[in-house]
Amino acid sequence: SAEEVVASMAESLHCPITNALLVDPVSAADGFIYERDAVSRWLSSHDTSPNTGAVLPNKALVALPAVRAMVLSVVDSDTLPEDEVREWLLRRGVWAAGTSNRAEAKDLLQRALGAGCVEA
């Protein structure tokens with residue numbers, strides 16, 4: 001079913017470090033996708049892949065806007081547990097505020113508020 005496909009896709013859109021749905025996905029030199037903040041923290045004190053333990057040839061991170069769009073599609077599909085959606089909306093709203101995208105931050109945080117995860 002379509003719900004099973006979306007659920008399977010959602011599973012692959014979680015950071016292997018945090019186990020949370022990606023907000024700011026990046027690819028590292030090991031070819032895996034991570035949450036930018038989590039892998040940046042890892043790489044600040046390691047020269048190895050958080051997934052495989054192999055030494056990385058470099059510490060470059062590549063933004064993945066297509067993956068970010070896929071995550072948004074999954075969030076908007078109403079197939080994820082409500083608590084996971086609320087948590088993602090809050091993290092995404094905070095991330096957007098940090099990038100000075102105030103309009104997106106306001107929208108996401110209002111959606112989180114409407115989903116009942118925070119009180120005004």
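The values are calculated or read from the model by the stated rules, or taken from the named source; none is laboratory data. Note that the structure is a prediction, hence the values are computed from the model and not measured. Ideal geometry is used to build each Cβ from the backbone, glycine not excepted, and the neighbour counts take in all protein chains shown. Keep in mind that these areas ignore ligands, DNA and RNA; they rest on the heavy atoms of the full protein, side chains included. Shrake-Rupley method; radii C 1.70, N 1.55, O 1.52, S 1.80 Å.
Roll a 1.4 Å probe over the protein heavy atoms and report the accessible area of Val74 in Å², nearest 10.
Surface open to solvent at Val74 totals about 0 Å².
Tabulate in residue order the Karplus-calculated ³J(HN,Hα) for segment 49-64, using 6.51 cos²θ - 1.76 cosθ + 1.60 with θ = phi - 60°, rounded to whole Hz; enter x for Gly and Pro.
Here the 3J(HN,Hα) series is 5, x, 8, 10, x, 6, 5, 8, x, 7, 10, 5, 10, 10, 5, 10 Hz.
Given R₀ = 25 Å, what would the calculated FRET efficiency be for Asn58 paired with Ala103, taking r from the Cβ atoms and rounding to 0.05?
0.10
If each residue of separation counts as 0.36 nm, what is the full-extension length gain between Trp42 and Val94 once their alpha-carbon separation is subtracted?
Full extension of this stretch gives 16.6 nm more.
How charged is the neighbourhood of Val39? Take every other residue with its Cβ under 12 Å from the Cβ of Val39, and add Lys/Arg as +1 and Asp/Glu as -1.
In short, -1.
Would you rank Glu11, Glu35, Glu87 by solvent-accessible area, highest first, keeping every protein chain in place and using a 1.4 Å probe?
Glu11, Glu87, Glu35
Please state, as a whole number in µm²/s, the translational diffusion coefficient that the Stokes-Einstein equation yields for segment 1-54 at 10 °C and 1.306 mPa s, with Rh defined as the Kirkwood radius across alpha carbon pairs.
After rounding, the answer is 134 µm²/s.
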